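Read-outs throughout are calculated quantities, based only on the coordinates presented, and are distinct from any laboratory measurement. Just so you know, these numbers come straight off a predicted model, no measurement behind them. A quick note on method: Cβ atoms are made from the backbone with ideal geometry, for glycine too, and the neighbour counts reach across all protein chains shown.
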Amino acid sequence: MSVQTKITTRKSGKETKRYYATVYDSVAKKSLCGPLREKRSEALTDESKIRREMEMQRKDGASSKVQSKTLTIAELYAAWQPHAQKALAAPTYKVYVGYYNKYIGPVFGDRKIASLTSDHFREYVRLLSQKYAPATVNKTINVLSNMSHFCQDEYKMALPLGTARRLSVPKKEKAVWTPTQIHAFLSFAKSSGSQYYPLLIVSALCAARPGEVCGMLQKEYRPDLCGISINSGYSKFKDKTSLKTAGSHRWLPLPPAAIEQIDKHIAWKDSMRANHPAFADNDFLFVSRFGAPITPDVYSKGFRRLLASYNDAFPEDPLPEIPLYNQRHSFATNILTGSEPAKVRDVAAIMGNSPRVMLECYAQVVQETNSAVISGYSDTVLKSV
C-alpha cells in the first residue's frame, strides 16, 4: 500500500486515525514518507507529489550524466560565475575572473572535463611554475579548486586536481624604513605638497592597510575622541569591501599630526563644495583633487612616484625602495624594537591583527627584542653581584 494508517490511543481510550504516504525508491533503496494527515485524500496527494519528485530527480540525474560527458571547462566556468559572484567577496571574484581569463581559459577552455586527468593538471602546474611566481600558481589552483567544488555540487563530478600541488612561497625579508627615514620622506617638499599627504601620515603613523586608509569614512572620524572607527575598506575595483578579519574592525587612535592633516583635508573639501556643490558627493574621508574616492592601487602608484622623486633629489642618500604596504611593517618593526618596546598584543590591536599573526610575521623582530631584554636584565643583575 502507498498510503499507511497510523492509529494512536489516548489515555481516555479514544483512538485517533491518521494517514501518511510511503513510496519505495528502488534506486536509493529506501522508503520516502510524507507527513501525517487527518484525511486519506491528503496522504494520496502527498504520494503523487513524492512520485513526481522522484521522477524529476531521475531525469535530472540522467541529464547530468549525459551533460557531464560533454561539459567543457568553459561551460563549467560560465555556470560557476553567477554562483561565485554571490559566494565570494566582490574583489576576490574579480581577481578570480581575471585569473581564469589569463591562466586557465586559454589552456583548458575548450577541453571536456571527462577527457582530463590528474596528469594534465600536474603538468599544467609544472609549466606554470616555470613562468610565474609561486603565489600566482597557488592562486590559479585556488580558482580551479573553487570551480571543482561547484562542479561536484552541480554535476556530481570534480576536476582531477589531486596531483596539482600548491607551491611553497618563500618568505621574503620585509624591507622597512627607520623612524629617521620616514621623517625624511614625510618632510620632503613633494611629499608634503602631494594630495596623498594626509593618507601618507595615517599610513606611516597608524599602520593602517592601504585599503583601510582609502576606505575610511568621514562619519566615523571623531576628532573629539582623537580617533576613527575602521569598519570597511576600498578596493582597486572601486568597491567598498569588508575587512580581512573580525579583529580588523577596530578603533584606531590618531596622533595630533594625523588629526591636523585630516582636518585640513576636510576643510579643503568644504571649500571646494562651496563653489561646486556636487564635489566629493560621497562619504569617504579622503578624496582625490577631483572629489573621487582614491583606490589603493592609485595611492600606491602615487607613493612610488614620490619615493622615486625623493631618491632623484637625494642620490647620495636614497631611501630603500619599499612598497606602500611596508609602511605598516615599518611601524610594527620600529614599535617592537624601540627604546621602550611595546607589547605584541598592543601592537596587534592597533594593526588589526591577532597576536599569533604578529608573532608569525615578526618572529625575528620579537626574538631580537626578547634577546635584548634578557641581555639587559642579565647585565643589570650581574652588575649588582
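On full extension, the segment bounded by Q81 and K238 gains 54.5 nm, given 0.36 nm per residue less the C-alpha separation. In a reduced charge model with +1 at each Lys and Arg Cβ and -1 at each Asp and Glu Cβ, the stretch 101-147 shows a dipole moment near 100 debye about its Cα centre. Helical content of the chain, expressed as a calculated mean residue ellipticity at 222 nm, amounts to -17000 deg cm²/dmol (DSSP H runs of 4 or more residues, -39,500 (n - 2.57) each, divided by residue number, nearest 500). Per-residue packing, averaged as other Cβ atoms within 10 Å, sorts the ranges 111-121, 165-175 into the order 111-121, 165-175, beginning with the highest.
Hey, which of these cross-link pairs are over 28 Å Cα-Cα: K30/K86; K171/K264; K112/K244; K29/K156? Check vs 28 Å cut-off fails for K30/K86; K171/K264; K112/K244. The separation of the stretch 70-115 from the stretch 159-220, counted between C-alpha centres, amounts to 31 Å. Take the Cβ atoms of S48 and K69, set R0 to 25 Å, and the FRET efficiency comes out at 0.15. A simple spin-label model places pseudo-atoms 7 Å from Cα toward Cβ; at F314 and K30 they are separated by 7.2 nm. Across the stretch 214-361, counting alpha-carbon atoms alone, Rg and Dmax equal 17.3, 51 Å. Placing a label point 7 Å from the Cα of F279 along the Cα-to-Cβ direction, no residue of the stretch 202-241 has its backbone N under 15 Å from that point. Can you tell me the FRET efficiency between E340 and E360 if r is taken as the Cβ-Cβ distance and R0 is 25 Å, rounded to the nearest 0.05? According to the calculation, E is roughly 0.55. Translational diffusion coefficient of the chain at 20 °C, 1.002 mPa s, Stokes-Einstein with Kirkwood Rh over Cα pairs, in µm²/s as a whole number. For the chosen part, D equals 80 µm²/s.
Residue ranges 178-189, 93-104 sort as 93-104, 178-189 when ordered by packing (mean number of other C-beta atoms within 10 Å per residue, highest first). Full extension of the segment from A175 to E38, taken as 0.36 nm per residue of separation minus the current Cα-Cα distance, would add 41.8 nm. Between amide H atoms placed 1.01 Å from N, distances below 5 Å from R111 occur with I73, A74, all of them 5 or more places distant or on a separate chain. Can you check what the net charge comes to around A208, using other residues whose Cβ is under 10 Å from the Cβ of A208 (Lys, Arg +1; Asp, Glu -1)? Result for the local shell: +2. Scanning the chain for DSSP H helices at least 27 Å long along the axis (C-alpha atoms) with a Kyte-Doolittle mean no lower than -0.5 picks out 134-155, 363-383.
Calculated FRET efficiency, K112 to L382, Cβ-Cβ distance, R0 = 51 Å: about 0.10 to the nearest 0.05. Charge tally for T295 (other residues, Cβ to Cβ under 9 Å; Lys, Arg +1; Asp, Glu -1): +1. Amide hydrogen proximity for D25: with H placed 1.01 Å from N in the peptide plane, the residues at 5 or more positions away or on another chain lying under 5 Å are K30, S31, L32.
In this structure the amide hydrogen of L161, modeled in the peptide plane, comes within under 5 Å of no amide hydrogen from residues 5 or more places off or on another chain. Relative to the globular-protein estimate of 2.2 N^0.38 Å, the Cα radius of gyration of the stretch 30-163 stands at 1.44.
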